[in-house]
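Data first, discussion second: the structure below is written as structure tokens.
Where a number appears in this text, it was derived from the coordinates with a stated rule and is not lab data. Worth saying up front: this structure is predicted, and the values here are computed from it rather than measured. Counting neighbours? That spans all protein chains shown, and the Cβs are built from the backbone with ideal geometry, glycine included.
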Amino acid sequence: MRVIVVTSGKGGVGKTTTSAAFASGLAMRGFKTAVIDFDVGLRNLDLIMGCERRVVYDIINVINDEAKLTQALIKDKHCESENLYVLPASQTRDKNALTESGVEFVLSELEHMGFDYAVCDSPAGIEHGAVMALTFADEAIITTNPEVSSVRDSDRILGILQSKSRRALNGSEPVKEHLLLTRYSPKRVEEGEMITYKDVQELLRIPLLGVIPESESVLQASNQGIPTIHLKGSDVAEAYTDMVARFLGEKLPLRFVTYEKPGFIKRLLGGK
Amino acid sequence: MSRSAPVRSIEFHPFNLSALRVVLDRADPAGLADELHKMLGGRPDRFSGEAAILDFSALETLPARIDWNGLTSLLRRYCLQPVGVYAVDEEHAAAARNKASLALFEHLDATPVSAPAPRASATTVSPFSLAAPDSASPPQADLPFEPSAAAPLVAGASVAPTLYIDRPVRSGQQVYAHGGDLVLLAGVSPGAEVIADGNIHCFGPLLGRALAGARGNAQARVISTHFSPELVSIAGVYRTFEQGVPEAFAARAVVVRMKSANGSGQTISIDPLQLD
Ligand SMILES: Nc1ncnc2c1ncn2[C@@H]1O[C@H](COP(=O)(O)OP(=O)(O)OP(=O)(O)O)[C@@H](O)[C@H]1O
Ligand SMILES: [Mg+2]
């Protein structure tokens with residue numbers, strides 16, 4: 001089983017949106033996947049996955065031996081493949097209930113159950129929860145918005161990955177790092193309000209896994225509790241599908257990174 | 001135990017102290033706190049408990065009163081252990097002894113302290129410089145000060161092995177090559193700090209803070225293929241770039257070294273390197 005952390009340092013950049021879409025994408029490709037919410041206290045992965053009304057037990061219950069992992073895992077209803085499970089976080093517990101040995105236990109149980117991937121949705125910041133989410137990671141998706149503060153925080157979290165992950169501490173092969181740009185608006189980049197994906201990549205010096213465009217459909221999807229990758233035909237869904245394919249080793253050109261000025265006809269018809 | 005126990009329960013042996021000489025250009029703890037913060041990026045773990053001698057020889061006149069408690073607690077905060085003072089009059093020496101248990105050092109057999117730093121260029125010249133007395137310095141520190149000497153020595157090469165860092169040094173990380181050179185093969189991000197007692201060689205973008213000759217080796221250099229740091233320092237003389245790195249060498253290959261400006265203190269020079 002591969003453990004993948006979706007992390008950023010900075011808050012609100014799209015980690016949870018990405019965790020939901022990426023885990024769904026892996027499941028759609030046939031991999032048995034679990035997506036785990038590490039945001040103890042805020043808990044919104046279950047909302048984005050549209051399973052909040054089915055939450056009975058959470059990861060802390062499992063760690064405290066109050067529930068079995070199989071009881072706490074919620075089967076996703078959006079993937080026809082029926083191989084995606086959500087492990088929610090608790091809204092009420094103390095963050096410190098998320099212990100290192102507890103997380104290790106949960107991950108080893110998932111491995112025994114035959115999961116191919118565990119996707120860890122990290123909370124923002126560099127505190128306990130974020131460290132727990134990345135401790136056992138084999139790979140990391142560094143979710144970054146095209147702005148200076150986000151790039152800086154991503155750099156910071158890369159440093160923490162290098163110093164606090166299990167792989168770093170026991171000197172094995174380092175965590176594989178991937179850059180994912182989210183909320184990318186080619187128009188605002190063109191206008192100089194945001195930095196280009198090339199600049200971000202140059203600043204962070206890690207391979208680019210994809211660029212997810214800024215889109216209103218993300219908000220709609222999360223309000224409906226549907227992971228964005230299921231929004232057939234939308235730019236965001238296609239960008240996440242591409243990203244999953246690249247993660248699995250396919251070579252695909254980047255899309256949705258250039259701004260096309262609205263043409264004459266479109267302007268006549270009142271398009272944006 | 002293989003060592004024979006002393007005959008008496010207390011014995012006194014002469015001992016040569018190895019300590020850092022903290023050369024001060026001002027004596028007010030508040031002002032120094034600010035300078036130290038700028039210089040060391042607020043990192044409390046910069047030193048590791050070395051004994052420190054407060055050297056006032058660079059001050060033209062000593063203030064009437066010195067806040068000894070303030071000075072010692074400031075240095076302790078950065079993990080230095082003040083043990084003595086140098087170049088103060090009797091009255092100050094008595095106060096230092098009574099208030100902060102600091103011994104008076106009559107003479108330090110080290111390279112002479114540089115002339116006072118010019119007040120006008122306070123942003124480029126540190127009121128601190130950290131110089132190691134004889135016993136702690138590599139032999140070449142005894143050479144007459146001449147940065148562009150015909151046969152420059154690789155400082156630290158015989159003292160400690162070079163530290164190689166293959167991955168980018170990220171924001172919030174610190175790397176310190178104790179005693180020797182530091183070779184960085186994947187750049188330094190903004191907010192990261194790289195320190196060497198010898199030289200720093202940086203391949204890839206140098207965007208963070210780089211401090212060479214951290215224990216006072218004024219011959220140390222910073223060599224960078226892509227120079228855009230937040231701060232560079234040679235032997236405690238530093239330069240910041242709040243207004244951005246000047247066009248002439250921004251993002252270019254440069255060498256940074258100490259320059260003696262005869263009699264008017266030390267500054268550092270940054271010169272482009274011709275690579276092709
Ligand atoms: N590609 C996108 N286009 C437009 N809005 C987006 C996009 N991705 C995320 N958002 C919006 O940004 C907000 C934050 O997203 P999300 O919750 O996924 O971020 P997060 O990094 O998990 O935040 P936190 O740090 O609070 O956990 C949400 O309102 C979401 O709808
Ligand atoms: Mg989140």
task = Note down the magnitude of the dipole of the protein assembly as shown about its Cα centre, charges +1 on Lys and Arg C-beta and -1 on Asp and Glu C-beta and zero elsewhere, to the nearest 20 debye.
result = 760 debye
query = In whole Å, how far is the Cα centre of the range A:211-236 from that of the range A:167-184?
reply = 25 Å
request  = Scan the range B:205-276 for GluC sites (Glu not before Pro) in coil per DSSP, keeping those whose Cβ has at most 13 other Cβ atoms within 10 Å, and list them by number.
outcome  = B:E242, B:E247
ask   = Once you charge only the Cβ atoms, +1 for Lys and Arg and -1 for Asp and Glu, what is the size of the charge dipole of chain A about its Cα centre, to the nearest 20 debye?
value = 640 debye
key: Whole-Hz ³J(HN,Hα) from phi, Karplus 6.51 cos²θ - 1.76 cosθ + 1.60, for the range A:55-69, glycine and proline x   = 6, 10, 10, 9, 4, 5, 4, 5, 5, 7, 6, 8, 8, 7, 4
inquiry  = List the residues, sorted by chain then number, that are 5 or more residues from B:Y238 or on another chain and whose placed amide H is less than 5 Å from its amide H.
reply    = B:S126
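Taking N as the number of residues in the protein assembly as shown, what is its Cα Rg relative to 2.2 N^0.38 Å? Walk me through the intermediate numbers first.
Values: Rg = 29.0 Å, N = 548, 2.2 N^0.38 = 24.2 Å.
That works out to 1.20 for the protein assembly as shown.
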request  = Please give the helix A:15-28 orientation as an angle from the longest Cα principal axis of chain A, in degrees from 0 to 90, rounded to the nearest 10.
outcome  = 80 degrees
ask   = Residues with amide H under 5 Å of B:L20's amide H, sequence separation 5 or more or different chain, H placed in the peptide plane at 1.01 Å from N; which?
value = B:A51, B:A52, B:I53
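Can you tell me what the convex hull of the Cα atoms of the range B:196-242 projects to on average, as an area in nm²? Write down the numbers at each step before the final one.
Details: hull surface 11.0 nm².
About 2.7 nm², averaged over all directions.
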key: GNM result for chain A, Cα springs below 10 Å: residue of A:M132, A:M113, A:M49 fluctuating most strongly   = A:M113
inquiry  = Along its three principal axes, how long is the range A:76-182 when you only count alpha carbons? Whole Å, largest extent first please.
reply    = 39, 34, 32
query = So what are the ³J(HN,Hα) numbers for the range A:143-159, from phi and the Karplus equation (6.51, -1.76, 1.60; θ = phi - 60°), rounded to whole Hz, Gly and Pro as x?
reply = 7, 9, 8, x, 9, 4, 5, 5, 5, 4, 5, 5, 4, 4, 5, 4, x
task = Could you bin all the Cα-Cα distances of chain A into 10 Å bins starting at 0 and give me the percent of pairs in each, rounded to whole numbers?
result = 7, 31, 36, 19, 5, 2, 0
request  = When a/c is below 1.5 the answer is rounded, else prolate if a/b is larger than b/c, else oblate, so apply that to the range B:182-270 with a ≥ b ≥ c taken from the square roots of the Cα gyration tensor eigenvalues.
outcome  = oblate
remark   = Ranked by GNM mean-square fluctuation in chain A (Cα springs under 10 Å), the top entry among A:L73, A:L231, A:L158 is A:L231
Residue range of chain A that is longest and free of GluC sites (Glu not before Pro) which are both DSSP loop and sparsely packed (at most 11 other C-beta within 10 Å) = A:1-79
key: Fraction in percent of alpha-carbon pairs per bin - 10 Å, the range A:47-123   = 17, 55, 26, 2
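Within 10 Å of each Cβ in peptide B:162-172, how many partner chain Cβ atoms are there on average? Round it to a whole number, please. Write down the numbers at each step before the final one.
Details: counts 0, 0, 0, 0, 1, 6, 8, 3, 13, 11, 11.
Mean inter-chain Cβ contacts per residue within 10 Å come to 5.
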note = Of all trypsin sites (Lys or Arg not before Pro) in the range A:117-217, the ones in DSSP coil with at most 10 other Cβ atoms within 10 Å are none
message = I need the trypsin sites (Lys or Arg not before Pro) found in the range A:209-251, filtered to DSSP loop residues with at most 16 other beta carbons within 10 Å of theirs.
response = A:K232, A:K251
